[in-house]
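Down below is the structure, laid out as structure tokens.
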Amino acid sequence: MERVLILQLGNALLVSIQLYLQDDSVVALQEDLAERIVAIGAAGVVIDISAVEIVDSFTGRMFASIAALSRVLDAETVVVGMRPAVAITLVELGLPLEGVHTALDLEKGLAILDRLAARRGIEDAHPDADAEQPVTPSAPAP
Amino acid sequence: MTGAGSVAQMPIRTGADVVRVRQLVRGHAQAVRLSLVNQTKLVTAASELARNM
């Protein structure tokens with residue numbers, strides 16, 4: 001079984017998918033991620049798929065379930081580095097990647113996590129502040 | 001030999017066979033000079049089928 005390495009970057013966790021993962025590896029990755037998210041109070045998980053040549057529905061479901069798991073543990077998930085051909089195929093397959101944010105690269109992915117964390121902080125303080133505090137891509141990360 | 005019109009057979013028994021199916025299909029797709037996007041679509045479809053075995 002391939003065990004996927006989980007790296008810590010500030011308050012985010014980074015997972016780089018290099019191989020096609022079998023079911024048991026996916027289960028192990030989810031368990032490891034859940035433990036690490038809780039252990040460091042992670043704000044988010046970044047999944048780097050720049051080395052991934054194809055994403056089928058099984059891989060897509062893995063991203064969605066990691067996102068669902070992370071969300072239950074108060075963390076967001078960003079998939080970064082998707083290849084153009086993979087994006088086209090996903091769209092044509094109609095695979096929505098539910099609950100997953102995407103960014104072009106790691107840096108942009110971390111910026112999304114920062115923005116989301118800031119936004120959640122605002123919502124916690126003022127539950128109806130969402131409409132007053134639009135988050136735009138050009139907004140500087142706090 | 002991979003090329004237009006050639007036929008290959010491959011048994012699918014374990015998860016590792018899914019990876020071999022993808023490699024085989026990608027080889028054929030490249031041999032008939034499919035574009036990268038079409039290669040990706042074809043290999044994705046093959047992967048879906050192989051995973052369902």
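Quick check on the stretch B:3-21: of everything there that is loosely packed, with under 13 Cβ neighbours inside 10 Å and of a type in the set (Val, Ile, Thr), which residue is farthest from the other protein chains (Cβ to nearest Cβ)?
Looking at residues that are loosely packed, with under 13 Cβ neighbours inside 10 Å and of a type in the set (Val, Ile, Thr), I get B:7.
Any chance the stretch A:69-83 includes a residue that's within 14 Å of chain B (Cβ to nearest Cβ) and either out of contact with any Leu (no Cβ under 9 Å at 6 or more places or on another chain) or under 27 Å from residue B:39 (Cβ atoms) (or both)?
Yes: one or more hits.
Are there any pairs with C-beta distances below 8 angstrom linking a residue in the stretch A:97-113 that is without any contact (Cβ under 8 Å) to a residue 60 or more places away in the chain and surrounded by 18 or more Cβ atoms within 10 Å (Cβ to Cβ) to a residue that is outside any helix (DSSP H, G or I) and among the polar types (S, T, N, Q), with the two at least 6 apart or on different chains, and if so which?
Correct list of pairs: A:100/A:77; A:101/A:77.
Suppose we keep only residues that are within 12 Å of the chain's Cα centre (by Cα) and of a type in the set (Gly, Ala, Ser) within the stretch B:22-44. Which one would you say is farthest from the other protein chains (Cβ to nearest Cβ)?
B:31
State which residue is farthest from the other protein chains (Cβ to nearest Cβ) when the search covers only the stretch A:88-124 and only residues that are among the aliphatic types (A, V, I, L, M) and not in a helix (DSSP H, G or I).
Per the criteria, the residue is A:103.
Okay, residues lined up against (1) within 14 Å of chain B (Cβ to nearest Cβ); (2) touching a residue at least 40 places away in the same chain (Cβ under 8 Å); (3) in contact with a strand residue (DSSP E or B) (Cβ under 8 Å, 6 or more places away or on another chain):
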position: A:22; (1), (2), (3): yes, no, no
position: A:27; (1), (2), (3): yes, no, no
position: A:36; (1), (2), (3): no, no, yes
position: A:40; (1), (2), (3): no, no, yes
position: A:43; (1), (2), (3): no, yes, yes
position: A:63; (1), (2), (3): no, no, yes
position: A:67; (1), (2), (3): no, no, yes
position: A:86; (1), (2), (3): yes, no, no
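Considering only the stretch A:18-29, how many residues are among the polar types (S, T, N, Q) and surrounded by fewer than 16 Cβ atoms within 10 Å (Cβ to Cβ)?
Looking only at that region, the number is 1.
Name, by its number, the condition in (1) modelled with pLDDT of 90 or more; (2) assigned to a loop (DSSP other than H, G, I, E, B); (3) more than 18 Å from residue A:20 (Cβ to Cβ) that does not hold for residue B:13.
Among (1) modelled with pLDDT of 90 or more; (2) assigned to a loop (DSSP other than H, G, I, E, B); (3) more than 18 Å from residue A:20 (Cβ to Cβ), the lone unmet condition for residue B:13 is (3).
Name the pairs: first residue in the stretch B:13-32 and polar (S, T, N, Q), second residue modelled with pLDDT of 95 or more and surrounded by 15 or more Cβ atoms within 10 Å (Cβ to Cβ), Cβ to Cβ under 8 Å, at least 6 apart or on different chains?
Short answer, once both residue conditions are applied: B:30/B:39.
Do we have residue A:55 as at pLDDT below 95, surrounded by 18 or more Cβ atoms within 10 Å (Cβ to Cβ) and out of contact with any strand residue (DSSP E or B) (no Cβ under 8 Å at 6 or more places or on another chain) here?
It is true that residue A:55 is at pLDDT below 95, surrounded by 18 or more Cβ atoms within 10 Å (Cβ to Cβ) and out of contact with any strand residue (DSSP E or B) (no Cβ under 8 Å at 6 or more places or on another chain).
The values are calculated or read from the model by the stated rules, or taken from the named source; none is laboratory data. Note that the coordinates shown come from a computational prediction; the quantities given were computed from them, not determined experimentally. Quick reminder, even Gly has a Cβ in these numbers, built from the backbone with ideal geometry, and neighbours come from all protein chains shown.
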